[in-house]
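What follows is a short report on a single structure.
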Amino acid sequence: MQPLEKAVSLGMSMASAALAAALFKRVWKLTSGDDDTPDAGDLERGWTEVLVAATVQGAIFGLVKAAVHRAGAQTFQHRAAGGRRR
């Protein structure tokens with residue numbers, strides 16, 4: 001992996017984490033009507049609510065991570081191929 005590719009990958013990872021966190025907060029607010037997302041340490045929330053929130057959060061983070069990683073891989077593959085699409 002080239003140094004530029006590493007730097008871009010790190011930056012995109014940080015941006016994708018922020019995007020996923022914001023997306024999860026929005027999805028949680030739309031589905032539950034609650035502004036605060038459940039935290040595993042919040043003992044006022046039930047097990048079901050905490051585990052459902054963790055599942056949804058994991059799915060969103062995984063989706064965003066895969067999309068960003070795929071886009072980055074295609075971008076660098078495109079550049080390495082001299083601008084030609086495969």
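Read-outs throughout are calculated quantities, based only on the coordinates presented, and are distinct from any laboratory measurement. In this text, all values refer to a predicted model and were calculated from it rather than measured experimentally.
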Taking the alpha-carbon distance from LYS6 and a cut-off under 25 Å, which lysines remain once sequence neighbours fewer than 8 residues away in the same chain are dropped? LYS65
Once the Cα atoms of helix 3-32 and of the chain are each reduced to a long axis, what angle between those two axes, in degrees from 0 to 90 to the nearest 10, is obtained? 30
Considering the convex hull of the alpha carbon atoms of the range 3-80, report its projected area averaged over all viewing directions, in nm², one decimal. 6.0
Angle, helix 47-80 long axis vs. longest principal axis of the chain, Cα atoms, 0 to 90°, nearest 10? 10
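Working out 0.36 nm times the residue gap between ASP35 and LEU10, then minus their Cα-Cα distance, what length gain in nm do you get to one decimal? Can you show the working numbers first?
Numbers: separation 25, 0.36 × 25 = 9.00 nm, distance 2.98 nm.
Contour length minus Cα-Cα distance gives 6.0 nm.
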